Amino acid sequence: MRRARFIDPFQPAEVRRLVREFGSPLLILDCERVRVQFRKLRKALPHVDLHYALKPMPHPAVVQTVIAEGGFLDLATTGEVQLVRRLGVAPERCIHTHPIKRAADIANALDFGVRTFVADNPDEVRKFAHLAGQASLLLRVSFRAPGAVCDLSRKFGCDPEGLLALARVAADLGVEVRGLSFHVGSQVGDATKHVEALEACAKLLRLARREKLGSFDTLDIGGGFPIDYGQPVQDIGRFCAPLRAALARLPARVRVIAEPGRYIVGPAAIGVASVMGRAQREGHWWYYLDDGLYGSFSGQLFDHARYPVEPLRDSEERLPSVLAGPTCDSIDVIAENLMLPQLKAGDLIVGRAMGAYTWASATEFNFYPRATVVAVNGRPGDGGSVSALGPP
Ligand SMILES: *Cc1c(COP(=O)(O)O)cnc(C)c1O
């Protein structure tokens, strides 16, 4: 019999099989879903180079899948540079976008072959003064997004009003500036902020070129593209429609890049945890899982996310239930007031949309190891190839 091209690792039977093979807790990462996300975003933003930001899920299988799709990478730390270097990624496919770097971080990225960096203040620009000919900059501009779940313009970015002065500092030092970047926030509801930022940057690019402050022919529109956590969000084509219209008004010489993170990996992984034990407390069943808020569900604290959770076992009868993590801390509760079938030790719980900002921010508090990541469908055509990554 001909094997299906890809197995769906999120099917219950497959989830059970992977838990038998790799144990629990697991994070099952489906590279085919990474591909689907990547292609959907590429279709929604044609002519935009997509640099996957490693931060939400710095896993080799995601990096390799994005590269095999013809994508690019957005690196922010020396650890991320080391990871892609080890994987043999061509450095021309990478940019380094952390606005604040130590000299050693810059040296390490340069040694790998990265040539594009980001700065948002004069001190950081000065770190590149002796690197003329080796590195060029994007200047990061700040556009506040109080509505975003995570407003990423509070901590980084130069005010639009101060941008030309910063560009003059760079020009005076002989530091080449190729363009501008921004990141309006993560999991934003619509593209209003992106469009506002894009239009403000288009104007700044024009002014900086007129002053001959650099080539100013690149615009990096950041990330922030939303995914479905059980609450409806705009489909990516619709989300990007106003962005496409704004991009079409840019001069043809401007090369546009984006730095999607969550959108590429969020829907591509599920978390699987097992019931370790249970107790009845005040009329509720409490189920204690082997993963929780200090582990893969850490995004519920750091990323303000809520993952849709469901037991793998189904039944008609449902009882008021609580899902708790394994640690001795009382905040380690994943979800309360759920109606769940009665579970017992060993039953599996699946959390959806757990690819982004979950495992990446998990701790090993109380010595509960991070979930094992199992990457499936890693290369097109090889059916169900699996690679497990244990705790680092
Ligand atoms: C975190 C981050 C991203 C990815 O953002 P998402 O909202 O996950 O798409 C992109 N660029 C920079 C600079 C970031 O810090």
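If a spin label sat at a point 7 angstrom from the Cα of Arg238 along the line to its beta carbon, the backbone N atoms of the stretch 41-66 nearer than 18 Å would be those of 41, 43-45. With kT/(6 pi eta Rh) evaluated at 4 °C and eta = 1.567 mPa s, and Rh the Kirkwood radius from Cα pairs, the stretch 87-238 diffuses with a coefficient of 80 µm²/s according to Stokes-Einstein. Between Ile100 and Leu250, full extension at 0.36 nm per residue minus the direct alpha carbon distance yields a gain of 51.1 nm. Working from label points 7 Å from Cα in the Cα-to-Cβ sense, the Glu21 to Ala107 distance is 4.4 nm. With N as its number of residues, the chain has a Cα radius of gyration that, divided by 2.2 N^0.38 Å, comes to 1.06.
If both residues of a DSSP beta bridge must be in the stretch 32-265, then about 5% of such bridges are antiparallel. Put in order of Cβ neighbour count within 10 Å, fewest first, the listed residues Leu205, Leu29 become Leu205, Leu29.
Between Lys203 and Lys43, the contour length at 0.36 nm per residue exceeds the alpha carbon distance by 55.0 nm. Considering only GluC sites (Glu not before Pro) in DSSP loops that have at most 13 other Cβ atoms within 10 Å, the longest stretch of the chain without any of them is 1-210. Quick one: if the Förster radius is 35 Å, what FRET efficiency do Gln280 and Asp228 give, using the C-beta to C-beta distance and rounding to 0.05? For R0 = 35 Å, the calculated efficiency reads 0.55.
Which residues in the stretch 348-366 place their backbone N less than 12 Å from a point set 7 Å from the Cα of Leu312 along the Cα-to-Cβ direction? Only 348-351 pass the distance filter. Relative to the dominant Cα principal axis of the chain, helix 31-44 is inclined by about 40°. Of the cross-linked pairs Lys155/Lys193; Lys101/Lys203; Lys55/Lys101; Lys55/Lys155, those separated by over 21 Å at the C-alpha level are Lys101/Lys203. Counted over the chain, the DSSP beta bridges are approximately 45% antiparallel.
In loop segments of the stretch 227-293 as defined by DSSP, the trypsin sites (Lys or Arg not before Pro) with at most 16 further C-beta atoms inside 10 Å of their C-beta are Arg249, Arg253.
Under 12 Å from a label point set 7 Å out along the Cα-to-Cβ vector of Lys155, the amide N atoms of the stretch 184-212 belong to 186.
Note on Asp217 and Glu196: the model spin-label points, each 7 Å out from Cα along the C-beta direction, lie 3.1 nm apart. Multiplying the residue separation of Ala345 and Ala90 by 0.36 nm and removing their Cα-Cα distance gives an extension gain of 87.1 nm.
Values quoted throughout were computed directly from the atomic coordinates according to the rules given, and no laboratory measurement underlies them. Note that this is a predicted model, so its numbers are computed, not measured. Reconstructed Cβ throughout: ideal geometry from the backbone, glycine too, with neighbour counts over all protein chains shown.
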